[in-house]
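Right, one structure below, let's go through it.
The values are calculated or read from the model by the stated rules, or taken from the named source; none is laboratory data. Keep in mind it's a predicted model, so treat the numbers as computed, not measured. Positions of Cβ are backbone-derived with ideal geometry, glycine not excepted, and every protein chain shown enters the neighbour counts. Please note that ligands, DNA and RNA were not included when accessible areas were found on the heavy atoms of the full protein model with its side chains. Shrake-Rupley method; radii C 1.70, N 1.55, O 1.52, S 1.80 Å.
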Amino acid sequence: MKYRVLFLCLLCCMVAKAQIPYYAPTTGHGNLNGYTSLKFRPGVNAQETYTSFLLGLGDYATTGVDLYTCGKEVYSGLILRGGFMPSRYLGVGLQVAPSFRTDDNMRFSFLTTGLFLNGDILNDGKLFWAANTWYTARRGMTDDIDQYMYLGTNIPLPHGQTLTPMAGTIYSWRFNSDADLALGVYWSVGKFCFYLWGNDLLKAHPRMVVGLEFTIPAF
């Protein structure tokens, strides 16, 4: 049992699952976007945290920094992102983020590249799709390509609030493991979004994410 728990802890740090969906549009010129989350598996002592801050540079580009922790490991990195929506039915975004291990003299650890696609399915915007493709090149390890596919709906609430439940699948383009089910919901209140996400829901230790996001004018 001891070695099984250690293996689960290591797996949590190596595989980025239960991730909230990313969309093509960027933060917007002069806006500051912040996101922070806690990832955990009930019954396993393997908590993760992720925090990022992005500043909009023009209408189609953002840059920022992030911080990721997993056990005693701490990583920080840079984020460069661009995106646009030529149509309400199709948006395209791209992100590049090198990460460095801050508890090991800022040694380069991995490079993450993301391709974000999304768009409306219905004219009223209540049903939409999102696809995130993540390519991760790790120092001294095999590269990974993971695919996230989601369908979502927007449920209007009083006072301009919105509830957005989503469901989808996660799978590797290496096709070396089973596909996974991902479920989540976020609640939009003004400039804030509150997230509850999860995957591995049918396993003994499902992975859960609780998060908070905000976007405010910076200048």
Which ones in region 32-46 are in contact with a Cys (Cβ under 8 Å, 6 or more places away or on another chain) and either free of Cβ contacts under 8 Å to residues at least 24 places away in the same chain or open to solvent by less than 70 Å² (accessible area, probe 1.4 Å) (or both)? 39, 41, 44, 46
If we scan region 162-172, do we find a residue that is touching a Ser or Thr at 6+ places or on another chain (Cβ under 8 Å), under 22 Å from residue 35 (Cα atoms) and not in a strand (DSSP E or B)? no
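Among the residues of region 120-134, how many are part of a strand (DSSP E or B) and more than 21 Å from residue 197 (Cβ to Cβ)? Break it down stepwise before answering.
As a first pass, look at region 120-134 and keep what is part of a strand (DSSP E or B): 120, 127-134.
Next, only the ones that are more than 21 Å from residue 197 (Cβ to Cβ) stay: 120.
Count: 1.
Can you tell me which residue among 108, 100 is surrounded by 14 or more Cβ atoms within 10 Å (Cβ to Cβ), among the aromatic types (Phe, Trp, Tyr) and in contact (Cβ under 8 Å) with a residue 12 or more places away in the chain? Spell out the reasoning first.
Details: 108 fails: surrounded by 14 or more Cβ atoms within 10 Å (Cβ to Cβ).
Answer to the check: 100.
What residue, of 67, 90, is farther than 20 Å from residue 205 by Cβ, at pLDDT 95 or above and crowded, with 16+ Cβ neighbours inside 10 Å?
Details: 90 fails: crowded, with 16+ Cβ neighbours inside 10 Å.
From the options 67, 90, the qualifying one is 67.
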Only one of 153, 133 is β-branched (Val, Ile, Thr), at pLDDT 95 or above, open to solvent by 20 Å² or more (accessible area, probe 1.4 Å) and more than 16 Å from the chain's Cα centre (by Cα). Can you tell me which? 153
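So, residue 196, is that one outside any loop (DSSP other than H, G, I, E, B), of a type in the set (A, V, I, L, M), on the phi < 0 side of the Ramachandran plot and free of Cβ contacts under 8 Å to residues at least 40 places away in the same chain or not?
Working: outside any loop (DSSP other than H, G, I, E, B): yes; of a type in the set (A, V, I, L, M): yes; on the phi < 0 side of the Ramachandran plot: yes; free of Cβ contacts under 8 Å to residues at least 40 places away in the same chain: yes.
Yes: the conditions hold for residue 196.
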